1. Tell me which residues, restricted to the range 106-120, are exposed (fewer than 14 other Cβ atoms within 10 Å of the Cβ), at pLDDT 75 or above and either under 20 Å from GLY10 (Cβ atoms) or under 15 Å from the mean Cα position of the chain (by Cα) (or both).
2. If you check ASP94 against the conditions, is it more than 19 Å from GLU16 (Cβ to Cβ), modelled with pLDDT under 70 and within 14 Å of the chain's Cα centre (by Cα)?
3. Go through the range 61-89 and give me each residue that's modelled with pLDDT of 70 or more and either in contact with a Cys (Cβ under 8 Å, 6 or more places away or on another chain) or part of a helix (DSSP H, G or I) (or both).
Amino acid sequence: MIEKLDWSHGNILAYEVSGQVTEDEIQQAHDEVDHLVREFGTLNLLVRLPEMPGMEASAVNDRLRFTKEHYDNIDKYAIVGDSRAVEWISKAADAVTKTEIKHFDLDDEESAKAWLDHTV
């Protein structure tokens, strides 16, 4: 499930991703990102992952397309989660994209928000 977090504002978009992720949910997130890119040019993104989500097979292709289409429009990408896999993926992605990607533990989400707001 992909749930937009209430504190999303301006060019900052935040989601919690958990459980099984569907193709429709990924498409809705794509549409929201596209809207903000048209409005602001770029955005900052936070994804909270309390667990590693599963995806429908069709959603995997959508996720890859999203990554290819939008990394140039994302200035900062905060990934919040306690999984070592999440931390490793964050570091690997940061090394190969121009997007600034940073991992935060679940109990440090406030720091992630401040980082996205450019106050850290």
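The values are calculated or read from the model by the stated rules, or taken from the named source; none is laboratory data. What you are looking at is a predicted structure, and each value in this text was computed from that prediction instead of being measured. Cβ coordinates were reconstructed from backbone atoms using ideal geometry, including for glycine residues, and neighbour counts include every protein chain displayed.
1. Across the range 106-120, the qualifying residues are GLU110, ALA114, ASP117, HIS118.
2. Considered against the rule, which asks whether it is more than 19 Å from GLU16 (Cβ to Cβ), modelled with pLDDT under 70 and within 14 Å of the chain's Cα centre (by Cα), ASP94 comes out as yes.
3. Here is the first cut: in the range 61-89, the ones modelled with pLDDT of 70 or more are 69-85, 87-89.
Hits for the range 61-89 are GLU69, HIS70, TYR71, ASP72, ASN73, ARG84, ALA85, GLU87, TRP88, ILE89.
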